[in-house]
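Enquirer: The structure's right below; bear with me while I get my questions together.
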């Protein structure tokens, strides 16, 4: 009986601490999510702001019948894969170098956090000035090196990759911090045993570091994947989806459909499709990770 009393008290204490946060989460995230779902199932537009009559899944069908929607989905997937892979590879390399560094490590970490601490809008504005075709520093440097000027954000072939490079520049710091923390927490015993057995540095990295770092790396990858899928700030400030639709990702497609096309219901439907894609990728990623473990 005493054990049950203690368990009951612990249960109540846990709920007492968790309840304020759960209530805040429901109010801040739950209510807007439910309201957006109602909008996506309604006939609401900016010209006719009424939730009734309900149209069911017609808005989803309308959005998914648009070829631009599938172009935006493919563009979002391609952009997210390129940026996450780039951030992880560069972040892992930098984190391993920092893990071996003894002196001035706090200074390096402080420098690395500067891009991460900047808002995406300010980063986009700075890079838009640096990449300006006529007066930007980037083209002036290229001209000084005898290379031709490039229209970094005005070319359909370059705009997406330029935006991906800017994103990688800003977001890699976050990956570095997570992976550096994971590397610092790894035990030293396996490495000492591997050195005794004559394992090379690459073998230690491939067979010891990567497997033990997998849970931390998975968290970093999934967080960045979610961030990249909902990228909107860089698109709006740098290109506004252009040239044409060469950088119009799904988040910007939803914005354009809702506020420029005046169809809030269809924009909400597109946003929910984005949510379902991210949710599906997250579940699949963690299921694969657990299966391998």
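The values are calculated or read from the model by the stated rules, or taken from the named source; none is laboratory data. Quick caveat, the model's predicted, so the values are computed rather than measured. Quick reminder, even Gly has a Cβ in these numbers, built from the backbone with ideal geometry, and neighbours come from all protein chains shown.
Enquirer: Is there a residue in region 148-157 that is within 16 Å of the chain's Cα centre (by Cα), within 23 Å of residue 232 (Cα to Cα) and surrounded by fewer than 19 Cβ atoms within 10 Å (Cβ to Cβ)?
Expert: So the first thing to find is which residues in region 148-157 are within 16 Å of the chain's Cα centre (by Cα), and the list is none.
No, that holds for no residue.
Enquirer: Mind listing just one residue for me: the one in region 259-291 that is free of Cβ contacts under 8 Å to residues at least 12 places away in the same chain and more than 17 Å from the chain's Cα centre (by Cα) and, of those, surrounded by the fewest Cβ atoms within 10 Å (Cβ to Cβ)?
Expert: 291
Enquirer: So is residue 62 part of a helix (DSSP H, G or I), at pLDDT 85 or above, more than 24 Å from the chain's Cα centre (by Cα) and under 25 Å from residue 245 (Cβ atoms) or not?
Expert: Considered against the rule, which asks whether it is part of a helix (DSSP H, G or I), at pLDDT 85 or above, more than 24 Å from the chain's Cα centre (by Cα) and under 25 Å from residue 245 (Cβ atoms), residue 62 comes out as yes.
Enquirer: Quick one: would you say residue 92 is within 27 Å of the chain's Cα centre (by Cα) and farther than 22 Å from residue 229 by Cα?
Expert: Spelling it out, it is not the case that residue 92 is within 27 Å of the chain's Cα centre (by Cα) and farther than 22 Å from residue 229 by Cα.
Enquirer: Within region 83-97, track down each residue that is under 13 Å from residue 221 (Cβ atoms) and touching a residue at least 12 places away in the same chain (Cβ under 8 Å).
Expert: 83, 84, 86, 87, 88, 91, 92
Enquirer: To continue, here is another question. Of 129, 104, 118, which residue is within 19 Å of the chain's Cα centre (by Cα) and free of Cβ contacts under 8 Å to residues at least 60 places away in the same chain?
Expert: 118
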